[in-house]
Each structure stands twice: as C-alpha cells, then as structure tokens.
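Written below as structure tokens is the structure these notes are about.
The values are calculated or read from the model by the stated rules, or taken from the named source; none is laboratory data. Since the model is a prediction, treat every value here as computed from it, not as a measurement. Reconstructed Cβ throughout: ideal geometry from the backbone, glycine too, with neighbour counts over all protein chains shown. Remember, those area values only see protein heavy atoms, side chains included, never the ligands or the DNA or RNA. Shrake-Rupley method; radii C 1.70, N 1.55, O 1.52, S 1.80 Å.
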Amino acid sequence: MFDQVAGAYDRTNDILSLGQDRLWRVAATRAIAPRPGERILDLAAGTGASSVSLARSGAEVVGADFSPGMIAEGVRRYGPGAAGGGIPNLSFVEADATNLPFADAEFDVVTISFGLRNVNDPQRAIAEMLRVTKPGGRLLISEFSHPPSRAFDGLYRFYNDRVLPTVARWVSSNAEAYDYLNESIRDWPDQRTLSAWLRDAGWTEVAHRDLSFGIVALHRAVKPVA
C-alpha cells in the first residue's frame, strides 16, 4: 500500500493536514535538537522528508522504512544520484521496526514520525528502539493522538470521517490507503497509554507535548545510563 502512494505521499499529506505536517516536522526536529556527529535512526522515514531535516544539522542520519517503494523514492530524491549529489550524511535502509538490522547501542537518537501505529507490534518496536539506542540516548515519537477537548475531538473526527476521504480521492494515487489512515488514527491509543508503553519497555524521563490541540503528540524519553 505504501509503495503505491510513495510518489505523491508528501504532497498528499501536505494537503490533507492543511499544511500542518510541516509545522509538526519542525517541532520534532527542535525537540530532537540534533547535533553534528550524532548518529540518528529515523524510523518510518518514508521518502525522507523528516530525515533531511535532521541531516541538515550535520548529524549522520539513517532513514529506515518497511516499504521498498518509499525507500526508492527517498534515494531518488536525496541519494548520490540526486540533483547536487544528494545529501552525503543521509542513507536509507529497508527495515522492520520490530526486528531492526542494527547492533545494540548504535544510535544517539531514535525517532519515528507517524509510523508507530502502522507497526504490527508497536510495543515490540519500542523495545527494539531501546535496544539500538546508546545509554543516555534519546527517543522522540511523533504520532497522531487524541485531542483532550471533547468539542475539538468531535470536529476532528468529523474531518477525518467526512472530509478527508473525499479530498483523498481527488489528490491521492490510492484513496483506499487513506481510508486505512483514518482507521489507524481512530484506533490508536491516547497519550497516556503510549507513555505507559514507553515506561514498561524501560525508557525513562518519559514526557509528551500536544501539538495542534492534541491531534499530534510528541513523546520524548531517554535510555537509562545503567
């Protein structure tokens, strides 16, 4: 499904989110605060939009995704054959978030944006993220969530149920994929539940911050040093 929408994925997301996806990406990058020389794993990287934002800091970024179509699109845009030679400190790899092809304690930062709810076993993926993170390393999860305001939540559900499917049929190469998007957002647990999953996996300093009235939440955590 993600292979089929790779080419128009970023444009479609921009339209369906009313441009908010760009602000969410900026907020995530600021929360990560990437530094030159750090090694960062960007899971569910898609076509690499979030990875590029991190790589511009000078960090070494690995964009990983389960979809070979998404990876191919990212390599086309930002790999060695791209215009201007691409981005040398950004590489792409096909990977399953529940069984990452990386050594223990390999990354200073692990992040995943709008992809954890698409993993078939998100709690196992959270444990894998902990495994590949260095002691003292950081985690940032950007994910759709549940607005705490009932009134706004009702408005948000109306948009997702009635407006989003109609717009998706006009702008997406695979409108059915965005029916799945809506279902996955509706069925995803709230901020408190995801925070509990992180603590249960062994992450510490767990906290979250709502964006866009709780449509999205940034979850932060740290791997214990000992």
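For the chain, what is the charge dipole size about the Cα centre, in debye to the nearest 20, if Lys and Arg each add +1 at the Cβ and Asp and Glu each add -1 at the Cβ?
660
Starting from the Kirkwood radius over alpha-carbon pairs of the stretch 51-118, derive D by Stokes-Einstein at 25 °C in a medium of 0.890 mPa s and give it in µm² s⁻¹.
Here the translational diffusion coefficient equals 191 µm²/s.
With a Förster radius of 30 Å, plug the Cβ-Cβ distance of ALA82 and ARG22 into 1/(1 + (r/R0)^6) and report the FRET value to the nearest 0.05.
0.90
Does the chain come out rounded, prolate or oblate by the C-alpha gyration tensor, with a ≥ b ≥ c the root eigenvalues, rounded set by a/c under 1.5 and, if not, prolate when a/b is larger than b/c and oblate if not?
Because a/c hits 1.5 or more and a/b fails to exceed b/c, the chain counts as oblate.
What FRET efficiency comes out for ASP96 versus ASP161 if R0 is 30 angstrom and r is the Cβ-Cβ distance? Round to the nearest 0.05.
0.45
Using θ = phi - 60° and the Karplus curve 6.51 cos²θ - 1.76 cosθ + 1.60, what whole-Hz ³J(HN,Hα) does each residue of the stretch 89-95 get, with Gly and Pro shown as x?
9, 10, 10, 10, 8, 7, 8
With a 1.4 Å probe and every protein chain left in place, work out the accessible area per residue of the chain in Å², rounded to a whole number.
On the way: 10730 Å² over 226 residues.
On a per-residue basis, 47 Å².
If a paramagnetic tag sat 7 Å from the Cα of ARG199 along the Cα-Cβ line, which residues of the stretch 94-134 would have the backbone N under 19 Å from that point?
So the set is 123-124, 126-127, 130.
If I compute solvent accessible area with a 1.4 Å probe over the protein chains, what percent of it on the chain is carbon and sulfur?
Roughly 54 percent, rounded to a whole number.
Using a 7 Å offset from the Cα along the Cα-to-Cβ direction at both ALA33 and VAL222, what is the distance between the two label points in nm, to one decimal?
1.0
Report, in whole Å, the centroid distance computed from the Cα atoms of the stretch 23-37 and the stretch 202-226.
14
Can you show me the helix-derived [θ] at 222 nm for the chain, built from DSSP H runs with n ≥ 4 at -39,500 (n - 2.57) apiece and divided by the number of residues, rounded to the nearest 500.
-12000 deg cm²/dmol
Please list, ordered by chain and number, the residues whose modelled amide H lies under 5 Å from the amide H of PHE92; skip anything fewer than 5 residues away on the same chain.
GLY63
Could you work out the relative contact order of the chain, using alpha carbon pairs under 8 angstrom and six or more residues apart, expressed as a whole percent?
It comes to 19 percent, rounded to a whole number.
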